[in-house]
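Worksheet for the structure shown next.
The values are calculated or read from the model by the stated rules, or taken from the named source; none is laboratory data. What you see is a predicted model, and the numbers here were worked out from it, not measured in a lab. Positions of Cβ are generated from backbone atoms using ideal geometry, with glycine treated the same way; all protein chains shown enter the neighbour counts. To get the accessible areas, we keep the full protein, side chains included, count just its heavy atoms, and leave off ligands, DNA and RNA. Shrake-Rupley method; radii C 1.70, N 1.55, O 1.52, S 1.80 Å.
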Amino acid sequence: MTDTLRYLRLRLHLPSGERRGIGYLSQFGDIHRVSFDESYIEDATRPTLSLAYRGATESDTRLILSSVRDVRVVRSDGRWPTWFSNLLPEGHNRERLARDRGCEPEDEFELLAAAGRDLAGAVEVEPVAPDEGIPEAVRSWHAAMGIDVSHPEVVAAPVEDAASLAGVVTKFSAVKDGRRYTVKRQGKPGAYILKLPSTRHPDLVENELTGYRLAAALGLDCAEATRVPRAEAELPEHVAFPHVLAVKRFDRGPSGKRIHMEEMAQAMGYAPREKYGRGLSSDFPAMLRLLDRLSGDPTRDVREALQRLVAFVLMGNTDAHTKNWALVYPDGTTPVLSPLYDPVCVSAWFEELAPHEYALNRKIDATLSALDMDGLRALLASAGVPRVPRLVQIAKDTVKEAKARWPGVLADAPDNVRRSVERRLAGAVALA
């Protein structure tokens, strides 16, 4: 860990196409700090970075953004404040990014700097030219902490074509040229995510694609996903499987436009290691409250979230944690629920694995399988959302629609997915 100051410029791409600087990210030893620009702090119409940085009042918001010690803006354990730490990849994707950067996988500063041109949402970070001098917002805070910032370290440019994509499944950010998807983007932000199968789950593409089809059969708002022959995807490493999954990024628009988004984990202040949250009875009502009170379309979003939960229970998606739910900001300020993504039938793999494998997912499945309409009614009441009886009826109707529409989808599904979902529709879960 370096004992000299390093810092990056923090920018947001706006719906207008403007790229606005809103602050700096700095690191000294184990201290990682977000210093927001005074112009951003004082702007009551500021574009939203995260609901985590928004207080109950405008005055509260300014206190958060200008705070000296709030954990949302500074940490001293070698990690970024939670919102930024959640921008970084996990597992193999993190190791690959660290290898490309030539740093340790625990060096969150260098990882973010490496992938700064292609992060989730409309955020971009970049090194500051040495001749620009140390920004006053960075200098004043570190000086007040007794830190000598007179000789900052020059930060290397982002790694060419690097991206930071959440999750542990091997994936790449890509652009599409005709029918071909390529990871070598020549500096362009990726518009697609290419997800690869693994030796442990060679059927991942077919499994997840079935999840998308099941959700779409219920009329849910889904990200666009397509199975792509390996020959049509130019990847930087060999893949022994015939297909990959291409998912169109909903945080990208035409001509590389960036649309801001954040995961629910970021909005709710959960660290990456806490992505499974505090359990269904706590997390789901909290998400519904957030959508009901802050969404630009609360009626639609609460209903959609409820129907997604029902669908996930019925399809055996036990991996719908807080990093697999997200908000998007089409106008740069107001959140709405993002399209559904990562709908994997994890329960299909239970029969193939030893009982101790996927222990957490099995525990989650037990909770989801036991959820009945009374339990769902209690979740809605806990959230404090309006029209609970109407929402319960929507949940019942969703179950009926799944029983009517899903058999046709399952006819083309992998055998293990078909068996698992059919059992659940037949009564293996209480909602059915």
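Data for the structure
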quantity: Ratio of the Cα radius of gyration of region 323-392 to 2.2 N^0.38 Å, where N counts its residues; calculated: 1.50
quantity: Two-decimal Rg to Rh for region 292-432 - Kirkwood Rh, Cα set; calculated: 0.98
quantity: Mean separation of Cα contacts under 8 Å, 6 or more apart, over the residue count of the chain: relative contact order %; calculated: 14 percent
quantity: Rounded to the nearest 10 Å², the accessible area of I259 at probe 1.4 Å; calculated: 40 Å²
quantity: Carbon + sulfur, % of accessible area of region 187-328 - ligands and nucleic acids excluded, 1.4 Å; calculated: 50 percent
quantity: Gyration tensor (Cα) of region 183-256, equivalent ellipsoid semi-axes in angstrom; calculated: 21, 20, 8
quantity: Label point distance in nm, S59-R300, each placed 7 Å from Cα along Cα→Cβ; calculated: 3.6 nm
quantity: Accessible surface ranking that places the most exposed of D100, D203, D118 first, with a 1.4 angstrom probe; calculated: D100, D203, D118
quantity: Accessible surface, 1.4 Å probe, highest first, among residues S369, S59, S173; calculated: S59, S369, S173
quantity: Residue-wise HN-Hα coupling along region 361-377, computed from phi with Karplus coefficients 6.51, -1.76, 1.60 (Hz; x: Gly, Pro); calculated: 5, 5, 5, 4, 5, 4, 5, 5, 5, 7, 5, 10, 5, 5, x, 5, 4
quantity: Principal-axis tilt of helix 298-315 within the chain, Cα atoms, nearest 10 degrees; calculated: 60 degrees
quantity: Surface per residue (accessible, 1.4 Å probe) for the chain, Å²; calculated: 42 Å²
quantity: For G253, residues with placed amide H under 5 Å, excluding near neighbours; calculated: R258, I259
quantity: Max mean-square fluctuation residue, GNM over the chain, Cα-Cα springs under 10 Å, options G167, G55, G277; calculated: G55
quantity: Average Cα contact separation per residue, region 142-230, under 8 Å, 6 or more apart, as relative contact order %; calculated: 17 percent
quantity: Share of Cα-Cα pairs in region 87-193 lying beyond 25 Å, as whole percent; calculated: 31 percent
quantity: Angle between the chain longest axis and helix 388-410 axis [Cα atoms, degrees, rounded to 10]; calculated: 70 degrees
quantity: Estimated FRET transfer efficiency when R0 is 30 angstrom, pair A354-S382 (beta carbons, to 0.05); calculated: 0.25
quantity: The chain: angle of helix 280-294 to the longest principal axis, Cα-based, in degrees nearest 10; calculated: 60 degrees
quantity: Overall dimensions of the chain as given by Cα atoms, namely Rg and Dmax in Å; calculated: 22.2, 68
quantity: In Hz, Karplus ³J(HN,Hα) per residue of region 227-242 (6.51, -1.76, 1.60; θ = phi - 60°; x = Gly, Pro); calculated: 7, 10, x, 3, 5, 9, 10, 8, 9, x, 9, 5, 10, 8, 9, x
quantity: Antiparallel bridge percentage (DSSP; both residues within the chain; nearest 5); calculated: 95 percent
quantity: Accessible surface, 1.4 Å probe, highest first, among residues R418, R278, R377; calculated: R278, R377, R418
quantity: Rounded accessible area of R11 (nearest 10 Å², 1.4 Å probe); calculated: 50 Å²
quantity: Backbone HN-Hα couplings from phi across region 419-432 [Karplus 6.51/-1.76/1.60, Hz, Gly and Pro as x]; calculated: 4, 5, 5, 4, 4, 5, 5, 7, x, 5, 10, 5, 5, 7
quantity: Residues with amide H under 5 Å from that of E153, placed H, sequence gap 5 or more; calculated: L5, R6
quantity: Region 1-138: relative contact order in percent, alpha carbon pairs under 8 Å with at least 6 residues between; calculated: 25 percent
quantity: Longest to shortest principal axis, alpha-carbon extents of region 1-120, angstrom; calculated: 42, 32, 23
quantity: Under-5 Å amide H pairs with A326, H placed in peptide plane, nonlocal only; calculated: M264, S338
quantity: Portion, in percent, of the accessible area of region 1-130 that falls on carbon or sulfur, probe 1.4 Å; calculated: 47 percent
quantity: Spin-label pair A129/A370, simplified geometry with 7 Å Cα→Cβ offset, distance in nm; calculated: 6.2 nm
quantity: Distant alpha-carbon pairs in region 143-298 (separation over 27 angstrom), percent; calculated: 41 percent
